[in-house]
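A short worksheet on the structure shown next.
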Amino acid sequence: MIPILDFDGVVVDSVLDGFIISYDTFLKEFKQSKKDFLVKDMHHLQQQKPEQIEQFSKLRPFLKYGGDYILMHYAIDKQLDITKMQQFTDLREQFKEKIDPWSNQVHVSRDIIMKDDLQGWMQLSPPFEKVMQLMNTTKKTLYIASANEKKTIIEMLNFYNIKFPEEKIFDCNFAKEKVKIMQHIKELEQCEFKELLFIDDQVEHLKNTQHLGIQVGLATWGYCNEQQKEEATKNNIPLLTLNDEIF
């Protein structure tokens, strides 16, 4: 078995990173802000408006692309009542021409934030302790398949002393759809799809790759909600917890 891990929501708890990099973009796009939103501003907002971060966290299960982060802030700002994936998909459709540019812009914002306060930014994305331990001790070949950027993943892994070969990280610049990453890893390993195990906290990603014949598992310690757990069960996708033998 060859485990393939999503990064955000599986290896690290990066909801605050997602908030800060996208809030900077949201403010500039919708509020005509000229000022960068930095780590020190994030700490102030955490103290003054914790409910805003809580609302953001509740919308996190609906994220598929980097540009979706902006929609989450938009929904909060407009007080939209979004509780189902289809509602968020409909909202995404309204801004479909913006999603790719926004996805690129959040990476630009992250670079600005990292340059201003690298350590402060790193501390916004702590790893899940058990996953970190497994990554450092397993004898199995591991891969990462993420919608994040490879350079950001490497920065985080190094900061938290997680040993991982860079050539086994495939990011949004390699492929936007994780099906393509799975196919590429199969070719690299010269194995059957059934020998791959893909672990993600987004049930849609698992459903989209399950048809290949790979093993899949929903990381319930990540950002999935109860609706997505039910959807996983309906599609015969195992619900994984940190108490399980994950891989």
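Taking the stretch 8-33 as the search range and keeping residues that are of a type in the set (Val, Ile, Thr) and part of a helix (DSSP H, G or I), which one is surrounded by the fewest Cβ atoms within 10 Å (Cβ to Cβ)? Checked the stretch 8-33; the qualifying residue surrounded by the fewest Cβ atoms within 10 Å (Cβ to Cβ) is VAL15.
Only one of the numbered conditions (1) among the aliphatic types (A, V, I, L, M); (2) closer than 30 Å to GLU231 by Cα; (3) at pLDDT 95 or above is violated by VAL39, and that is (2). Considering GLN48, GLN79, GLN55, the condition of being in contact (Cβ under 8 Å) with a residue 12 or more places away in the chain and either polar (S, T, N, Q) or surrounded by fewer than 15 Cβ atoms within 10 Å (Cβ to Cβ) (or both) is satisfied by GLN55 alone. Per the listing ASP6, ASP13, the residue uniquely under 17 Å from GLY66 (Cβ atoms) and touching a residue at least 24 places away in the same chain (Cβ under 8 Å) is ASP6.
Being under 16 Å from LYS28 (Cα atoms) and more than 19 Å from the chain's Cα centre (by Cα) narrows it down to one residue among ASP77, ASP81, ASP68, ASP90; which is it? Please lay out each step first, then the result.
On the way: ASP81 fails: under 16 Å from LYS28 (Cα atoms); ASP68 fails: more than 19 Å from the chain's Cα centre (by Cα); ASP90 fails: under 16 Å from LYS28 (Cα atoms).
That would be ASP77, the only listed residue that is under 16 Å from LYS28 (Cα atoms) and more than 19 Å from the chain's Cα centre (by Cα).
In this structure, is ASP36 farther than 30 Å from GLU245 by Cα and part of a helix (DSSP H, G or I)?
On the way: farther than 30 Å from GLU245 by Cα: yes; part of a helix (DSSP H, G or I): no.
When the stated conditions are applied, ASP36 does not pass them.
Condition test on SER109, is it of a type in the set (Ser, Thr, Tyr), in a helix (DSSP H, G or I) and out of contact with any Pro (no Cβ under 9 Å at 6 or more places or on another chain)? Yes; evaluated as a whole, the condition is true for this residue. Restricted to the stretch 158-247, the set of helices (runs of 4 or more DSSP H) holding at least 2 residues that are surrounded by fewer than 17 Cβ atoms within 10 Å (Cβ to Cβ) and free of Cβ contacts under 8 Å to residues at least 24 places away in the same chain comprises 178-189, 226-234.
The listed residues are ASN136, ASN225, and the only one of them that is among the polar types (S, T, N, Q) and in contact with a Lys or Arg (Cβ under 6 Å, 6 or more places away or on another chain) turns out to be ASN136. Please verify whether PHE193 is at pLDDT 95 or above and either closer than 21 Å to VAL11 by Cα or out of contact with any helix residue (DSSP H, G or I) (no Cβ under 8 Å at 6 or more places or on another chain) (or both), treating the condition exactly as stated. Taking the combined requirement at face value, the residue does not satisfy it.
Going through TYR65, TYR69 one at a time, which residue ends up being part of a loop (DSSP other than H, G, I, E, B), in contact (Cβ under 8 Å) with a residue 12 or more places away in the chain and either polar (S, T, N, Q) or within 30 Å of LEU206 (Cβ to Cβ) (or both)? Quick ask: steps written out before the conclusion?
Numbers: TYR69 fails: part of a loop (DSSP other than H, G, I, E, B).
Among TYR65, TYR69, only TYR65 is part of a loop (DSSP other than H, G, I, E, B), in contact (Cβ under 8 Å) with a residue 12 or more places away in the chain and either polar (S, T, N, Q) or within 30 Å of LEU206 (Cβ to Cβ) (or both).
The one condition from (1) under 22 Å from THR137 (Cα atoms); (2) in contact with a helix residue (DSSP H, G or I) (Cβ under 6 Å, 6 or more places away or on another chain); (3) not aliphatic (A, V, I, L, M) that THR241 does not meet is (2).
The values are calculated or read from the model by the stated rules, or taken from the named source; none is laboratory data. What you are looking at is a predicted structure, and each value in this text was computed from that prediction instead of being measured. Cβ atoms come from the backbone with ideal geometry, glycine included; neighbour counts cover every protein chain shown.
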